[in-house]
Structures are given as C-alpha cells and as structure tokens.
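K.L.:
Have a look at this one before I ask anything.
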Amino acid sequence: MSGKLYLVATPIGNLEDITLRALKILKEVDYIVAEDTRQTLKLLNHFEITKPMISYHRHSKDEKEKQIIDKLKQGKNIALVSDAGTPVISDPGEELVKSAIKENIQIISIPGACALIAALISSGIDAKEFTFLGFLPLNKKLRKEKLNEIENSTKTIILYEAPHKLQTTLNDLKETIKQRQIVLAREITKIHEEYISGTAEELLSKQQEPKGEYVIIIDKCNVNEKNNFELMSLEDHYKFYENLGYEKKEIIKQIAKDRKVKKDEIYKKFL
Ligand code: SAM
C-alpha cells in the first residue's frame, strides 16, 4: 500500500506557531521533503526531531520528483515542508502534489501559518472576498496585466513582496491606484511586527529603507466611485464588468443596480 504525502505548514517567524499535529507528523514520517534542508534542519533541531531529509526546490529536476513518488509508492510516509509557512503557496510543491494525486497517493493537509492570511486578518481591510496574486511578475507585459487587474478589482488584493523590490512595487501602485488604501504587514509573528497603512505615496515616504518580510494588502476598487456609469453607454458599462470576469447574469444584475433600474429593463436591451 502507498504511503501518505503530508503537506505540513511551519512557522513564518515565531517557532511557537508550529502546531502539535505538525510536530507529531514530522516525528512519525519516514522522510521530510524540504525546500532548503539547512533551513528545515534549524526547525527540526529546535524541536529535537531527527529525520532523513530530501531537498526539493524550484529547480529540482523531474528525477527528484520521481524519487519522492517512488518512495511513496513503496509505502513510505513523507512530509513536505517549505522554508516558512504553508508549502505550495508561493513555494514549491504544486507539481509534486499533482503527480501524487495522479498516482492515487493520499494527500493530507496539516494546516498552520500562512503569511497572506495572517496579514489579511490584521489589516482591517475587507476580508470577506479577496484575490491573492503572490509575487507580481517581473516581465513588463505580465506585470502591466496584473496591475490592471488590481486597478479594477472589486475584491481585496493580497501580494507578497521581497524588501528590495518593495519601493518599485509601491511606485507602480502609486501610478495605478493612487488613492486606494494599502496596508503593509511587516515581519508578522516576529519582534518587529507592524502594520503600516496609507496610500502608495504615503507608504513610500514612510518606508525609506524596507527591511524584513512584507505582505501587501490593497483595498478593493470602489467601482461606483471610479466610474460614473450613468455617463457611460450601456455597451461600455457591459464591457466594464465583462473585463472583470463577470458572467452575463451577474453583469445585468450589476448594471441594473448601478443605474438604479429594474433588471428586466436591462435584460431586454441585451436580448
Ligand atoms: N509559503 C509561505 C506562506 O505560507 O506564507 C510564503 C512563501 S513566499 C516564498 C515568502 C513571502 O511571504 C515573503 O516574501 C513575504 O512576502 C511573505 N512572508 C513570509 N513570512 C512573512 C512574515 N513573517 N511577515 C510578512 N510577510 C511574510
């Protein structure tokens, strides 16, 4: 019988955030697959866990994945961890999980710390609906597309960013979303944890030399403030929501709401 693949979340700073279940699984499995074995070794030493490790990172070759899948097929239980937080989330593991599912290997999630969730819940920004975009792409065209998405998003946006790229990203946001509220969640669970809010421009003046780790939380676009729909043609109004990825039914409902008319009236115009 095949072994199980455990996806184990580890702390994002404060080691006390490891869960009891994570510790139990790390002690019980046959192998720990780690993004950076030196980093994981520090965690294991702290909790006095000794276990054979296999390194698995962004540049790991298919052979490495095959080696892990073979071990699982031989009945070995394996825990996958990343350097910090939840594996797979802007971290390696997705391909391994997909391959394991194809091989009918049981996957078990051991949830715990995840920077995007920790940042969102403390930001004071609307947490009912949100879009996580991970790190913004460096490629100019792809980056522009993501910035457009942020500009028009009617949901809270969450980004990860490295400290040395924070200023560039805030400058791009300053051009794109000017007055929207942003919260920088810095060094979550660590000694210098703080939440700094303001527009991109205000944050640029507050964060002269960004240090540590940051999550960027961006307030949603208030479409009614941004657009005077009554001055728009019905077709442009329709296209506006279509570009946001809305389905026809939702678009008609939203147009009727924006224009304060009955849904049927709009529906007939698009028949
Ligand atoms: N898998 C991780 C998770 O579950 O959050 C994320 C890994 S990603 C490679 C690393 C990014 O997460 C950092 O660049 C930063 O944006 C964010 N991050 C991780 N730990 C953080 C912390 N303690 N405070 C703020 N942001 C953090």
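The values are calculated or read from the model by the stated rules, or taken from the named source; none is laboratory data. Everything numeric in this text was worked out from a predicted model, so none of it was measured. Positions of Cβ are generated from backbone atoms using ideal geometry, with glycine treated the same way; all protein chains shown enter the neighbour counts. Heads up: the accessible areas ignore ligands, DNA and RNA and are worked out on the full protein's heavy atoms, side chains in. Shrake-Rupley method; radii C 1.70, N 1.55, O 1.52, S 1.80 Å.
K.L.:
Calculate the tail of P(r) for region 1-113: the fraction of all Cα-Cα distances greater than 20 Å, expressed in %. Don't jump to the answer; show the numbers that get you there.
P.N.:
Numbers: 1975 of 6328 pairs.
Value for region 1-113 (Cα pairs over 20 Å): 31 percent.
K.L.:
Now for a separate question. Taking the Cα centre of region 116-221 as the origin, how large is its charge dipole in debye, to the nearest 20, when only Lys and Arg (+1) and Asp and Glu (-1) carry charge on their Cβ atoms?
P.N.:
300 debye
K.L.:
Simple spin-label model, 7 Å along Cα-to-Cβ: Phe135 to Leu271 in nm?
P.N.:
For the pair Phe135/Leu271, the computed spacing is 5.3 nm.
K.L.:
Find the centroid of the Cα atoms in region 23-66 and in region 244-270, then give the distance between the two in whole Å.
P.N.:
Centre-to-centre distance over Cα atoms comes out at 52 Å.
K.L.:
Let me ask something else. Let me know the shape class of region 224-269, please: from the alpha-carbon gyration tensor, a ≥ b ≥ c as square roots of the eigenvalues, rounded when a/c is under 1.5, otherwise prolate if a/b is greater than b/c, or oblate.
P.N.:
Working: a/c = 1.58, a/b = 1.11, b/c = 1.43.
Judged from the Cα gyration tensor, region 224-269 comes out oblate (a/c at least 1.5, b/c at or above a/b).
K.L.:
Need one number: nm distance between label points at Leu15 and Leu234, each 7 Å from Cα along Cα→Cβ, rounded to one decimal.
P.N.:
Placing both labels 7 Å along Cα→Cβ, they lie 6.6 nm apart.
K.L.:
Sticking with this one: Evaluate the distance, in nm, between pseudo-label points positioned 7 Å from the Cα of Lys102 and of Lys155 along their respective Cα→Cβ axes.
P.N.:
With each label point 7 Å from Cα toward Cβ, the separation is 2.8 nm.
K.L.:
Something else now. Of Gln74, His59, Val97, which is farthest along the charge dipole of region 34-102 in the positive direction, counting Lys and Arg as +1 and Asp and Glu as -1 at C-beta?
P.N.:
Of the options given, the answer is Gln74.
K.L.:
Multiply the residue gap between Lys248 and Lys174 by 0.36 nm, knock off their C-alpha separation, and tell me the result in nm, one decimal place.
P.N.:
23.4 nm
K.L.:
Then there is this: Within region 74-118, what residues put their amide N at less than 13 Å from the label point 7 Å along the Cα-to-Cβ vector of Met1?
P.N.:
75-77, 106
K.L.:
Normalised by the residues of region 4-113, what does the relative contact order come to in percent, with Cα pairs under 8 Å and at least six apart?
P.N.:
Relative contact order of region 4-113: 47 percent.
K.L.:
Taking every pair of Cα atoms in region 191-271, average 1/r, invert it to obtain the Kirkwood radius, and report Rg/Rh to two decimals.
P.N.:
That ratio is 1.23, to two decimals.
K.L.:
Select from Ile125, Ile49, Ile12 the residue whose mean-square fluctuation is largest in a Gaussian network model of the chain (Cα-Cα springs shorter than 10 Å).
P.N.:
In the Gaussian network model the winner is Ile49.
K.L.:
Excluding ligands, DNA and RNA, what is the solvent-accessible area per residue of region 224-269 at a probe of 1.4 Å, expressed in Å²?
P.N.:
Spelled out: the 1.4 Å probe surface of region 224-269, per residue, equals 77 Å².
K.L.:
So, one more: Which of the lysines could a cross-linker bridge to Lys269, judged by Cα under 25 Å and excluding same-chain residues fewer than eight apart?
P.N.:
Lys226, Lys239, Lys248, Lys249, Lys253, Lys257, Lys260
K.L.:
Divide by every residue of the chain the summed helix terms, -39500 (n - 2.57) for each DSSP H run of at least 4, and state the resulting mean residue ellipticity at 222 nm, rounded to the nearest 500 deg cm²/dmol. Write out the running numbers ahead of the final one.
P.N.:
Values: 12 runs with 114 residues, N = 271.
Value at 222 nm, helices only, nearest 500: -12000 deg cm²/dmol.
K.L.:
What is region 224-269's relative contact order, in percent, from Cα pairs under 8 angstrom and six or more apart in sequence?
P.N.:
Once divided by the residue count of region 224-269, the mean separation gives 32 percent.
K.L.:
Give me the lysines in straight-line cross-link reach of Lys211: C-alpha distance below 17 Å, same-chain residues under 8 apart excluded.
P.N.:
Lys165, Lys190
K.L.:
Tell me, how many Å apart are the Cα centres for region 122-151 and for region 176-226?
P.N.:
12 Å
K.L.:
Between Ile121 and Thr37, what FRET efficiency comes out of the Förster formula 1/(1 + (r/R0)^6) with R0 = 35 Å and r the beta carbon distance, rounded to 0.05?
P.N.:
Step by step, r from the Cβ atoms, then E = 0.65.
K.L.:
Give me the number: length gained by fully extending Asn45 to Asp70, i.e. 0.36 nm times residue separation minus the C-alpha to C-alpha distance, one decimal in nm.
P.N.:
Working: separation 25, 0.36 × 25 = 9.00 nm, distance 2.74 nm.
Taking 0.36 nm per residue and subtracting the Cα distance, the gain is 6.3 nm.
K.L.:
For the chain, which span is the longest to avoid every loop-located (per DSSP) member of GluC sites (Glu not before Pro) having at most 13 other Cβ atoms inside 10 Å?
P.N.:
130-246
K.L.:
What's the carbon and sulfur percent of region 116-221's accessible surface, probe 1.4 angstrom, rounded to a whole number?
P.N.:
Numbers: 2840 of 5550 Å².
The computed percentage sits at 51.
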